[in-house]
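A.B. asks: Below: one structure in structure tokens.
The values are calculated or read from the model by the stated rules, or taken from the named source; none is laboratory data. What you are looking at is a predicted structure, and each value in this text was computed from that prediction instead of being measured. Don't worry about glycine lacking a Cβ; one is built from the backbone with ideal geometry, like all the others, and counts go over all protein chains shown. For accessibility, only protein heavy atoms count, side chains too; no ligands or nucleic acids. Shrake-Rupley method; radii C 1.70, N 1.55, O 1.52, S 1.80 Å.
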Amino acid sequence: MKIILAAVISLIISAVAGKLLIPALVKLKVGQSIKEIGPTWHMNKQGTPTMGGLMFIIGIGITILVLGWNGMLQGDYTHLYVFVFALVFGVIGYIDDYQKIKHKQNTGLTGVQKFLLQLAAAIAFLCLMRFEGLLSPNLYIPFLHTEIVLNWVVYLVFAAFVIVGTVNSVNITDGLDGLSSSVTVPVAVFFAVLGGYWSQYEQLGIFGGAMVGGLFGFLIYNHYPAKVFMGDTGSLFLGGAVAALAFAYDMPLVLILVGIVYICETMSDILQVGYFKLTHGKRIFKMAPLHHHFEMCGWNEKKIVAVFSTVSAIFCVLAFLGVMGRYMI
């Protein structure tokens, strides 16, 4: 019940925050800059307010504090660890957004700056979770219900790069109106359901529920045609939240299933660049990342969002079937 209530409360807070935030962003002229190398038909989106991710960050934050209060009194702060970690990534995204707006172009922090900041945040989070006894250096394998035992240092290196990769994959997916938020809704539902299914993870379930509501509240303004974009502030926060939840549940390999759309988007970018360099100008896709390829094939934004979200939902169901036998209920 708390998880459903978390979704409702977060939705309301996010929707109200949007009513107040969007006019403020417009007044401050916090507009999105569109890359010149990107799709030419996206140029009409130039100037759309960005940093809209603040609305679901606020909604999630308030909700988990209120509904997770009893759990915190009993010493369970897991959901706060996840939120603070995601918030750190949100701050990195905010700095990047601010730099873009300040210089009026679609380049903020350098790739190296982003990577080092994200890597430091990931290592700090993993060490904290290990210190609190909430994370083991073992890789749980869905469906097989077995674990691969790793040395902690090896696990730490692996996990840090998984987190950074996940965060940036969510960021890459944020390229169409409502795409990243819609694709992430089933992922948030998955983590919320796990919290309800396994009572020891109720705090994480509350976070997942709040994330679902916050994203729906944001989609009121972000669906096509978008009145606001989440910006790197929102996409890096979402990526951080998704990655942190997977590790907080101590099952990072589940990201392969729940993050299938993020993975496909990122791999399309990597393959496109690599093939282009190897063949001196040839391309695998009409345009990368993958959502732009489908645009070039004639799909409209709403169709792409619907199909990608459906794929995300199907794989989240598969992920649940793959992990539901981990603990005896």
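A.B. asks: Straight distance only, please: which lysines reach the Cα of residue 277 with their own Cα at less than 16 Å, same-chain residues fewer than 8 apart left out?
C.D. replies: Straight-line reach from residue 277, under 16 Å: 286.
A.B. asks: Continuing with the same structure: If we restrict to alpha carbons, what Rg and Dmax does region 169-237 come to, in Å?
C.D. replies: 12.8, 41
A.B. asks: Evaluate the relative contact order of the chain (contact order divided by residue number), counting alpha-carbon pairs under 8 angstrom at least 6 apart; express in whole percent.
C.D. replies: Reported as a whole number, the value is 27 percent.
A.B. asks: Under a Cβ-Cβ cut-off of 13 Å, what is the net charge of the residues other than residue 133 that fall near it, where Lys and Arg count +1 and Asp and Glu count -1?
C.D. replies: -2
A.B. asks: Which FRET efficiency value, to the nearest 0.05, do you get for residue 143 and residue 314 by plugging their Cβ-Cβ distance into 1/(1 + (r/R0)^6) with R0 = 25 Å?
C.D. replies: FRET efficiency, residue 143 to residue 314: 0.95.
A.B. asks: With a cut-off of at most 10 other beta carbons within 10 Å, and DSSP calling the residue loop, which trypsin sites (Lys or Arg not before Pro) in region 201-307 qualify? Please list them.
C.D. replies: 282
A.B. asks: Determine ³J(HN,Hα), in whole Hz, for all residues of region 294-299 in sequence, where each value follows from phi through the Karplus function 6.51 cos²θ - 1.76 cosθ + 1.60 and θ = phi - 60°; x replaces Gly and Pro.
C.D. replies: Here the 3J(HN,Hα) series is 5, 4, 5, 7, x, 6 Hz.
A.B. asks: Report the label-to-label distance for residue 200 and residue 119 in nanometres (one decimal), using points 7 Å from each Cα along the Cα→Cβ vector.
C.D. replies: 3.4 nm
A.B. asks: Scale the Cα Rg of region 183-329 by the rule-of-thumb value 2.2 N^0.38 Å and send over the ratio, two decimals.
C.D. replies: Ratio of Cα Rg to 2.2 N^0.38 Å: 1.16.
A.B. asks: When the Karplus curve 6.51 cos²θ - 1.76 cosθ + 1.60 is applied with θ = phi - 60°, which whole-Hz ³J(HN,Hα) does each residue of region 316-323 get, with x for Gly and Pro?
C.D. replies: Once θ is set to phi - 60°, the couplings for region 316-323 become 5, 5, 4, 4, 5, 4, x, 10 Hz.
A.B. asks: Residues of region 143-178 with amide nitrogen under 13 Å from the 7 Å Cα-to-Cβ point of residue 256?
C.D. replies: In region 143-178, the label zone of residue 256 (backbone N under 13 Å from the point 7 Å along Cα→Cβ) covers 143-148.
A.B. asks: Let me ask you something else. Within the chain, which is the longest segment that contains none of the GluC sites (Glu not before Pro) sitting in a DSSP loop with at most 13 other Cβ atoms within 10 Å?
C.D. replies: That gives 133-329 as the longest site-free run.
A.B. asks: Too long at a 20 Å Cα-Cα cut-off: which of 100/303; 29/227; 27/100; 29/102; 100/282?
C.D. replies: Flagged as over cut-off: 100/303; 100/282.
A.B. asks: Hey, another quick one. Using all alpha carbons of region 199-247, what is the percent of pairwise distances in each 5 Å bin, ordered from the shortest bin to the longest?
C.D. replies: With 5 Å bins starting at 0, P(r) equals 5, 18, 23, 25, 15, 8, 4, 1, 0.
A.B. asks: For the chain, what is the mean residue ellipticity at 222 nm derived from helices alone (per DSSP H run of n ≥ 4: -39500 (n - 2.57); sum divided by total residues; nearest 500 deg cm²/dmol)?
C.D. replies: -23000 deg cm²/dmol
A.B. asks: Can you give the net charge of the other residues whose Cβ lies under 11 Å from the Cβ of residue 92, counting K and R as +1 and D and E as -1?
C.D. replies: -2
A.B. asks: Report the FRET efficiency, 1/(1 + (r/R0)^6), for residue 327 and residue 152, where r is their Cβ-Cβ distance and R0 is 25 Å, rounded to 0.05.
C.D. replies: 0.60
A.B. asks: Note down the nm distance, to one decimal, between modelled labels 7 Å out along Cα→Cβ at residue 286 and at residue 91.
C.D. replies: Roughly 4.3 nm, to one decimal.
A.B. asks: Per-residue HN-Hα couplings for region 196-208, Karplus 6.51 cos²θ - 1.76 cosθ + 1.60 at θ = phi - 60°, whole Hz, x for Gly and Pro?
C.D. replies: Calculated HN-Hα couplings, in order: x, 6, 10, 4, 5, 10, 4, 4, 5, x, 4, 4, x Hz.
A.B. asks: Take each of the peptides 82-93, 117-128, average the number of other beta-carbon atoms within 10 Å over its residues, and list them starting from the highest.
C.D. replies: Order by mean packing, descending: 82-93, 117-128.
A.B. asks: Still on this structure: Which percent of Cα-Cα pairs in the chain sits in each 10 Å bin, short to long?
C.D. replies: P(r) over the chain, rounded to whole percents: 6, 27, 36, 23, 8, 1, 0.
A.B. asks: FRET efficiency for residue 77 and residue 277, Cβ-Cβ distance as r, R0 = 35 Å, nearest 0.05?
C.D. replies: E between residue 77 and residue 277, to the nearest 0.05, is 0.15.
A.B. asks: If ligands, DNA and RNA are left out, what is the accessible area of residue 152 with a 1.4 Å probe, given in Å² to the nearest 10?
C.D. replies: 60 Å²
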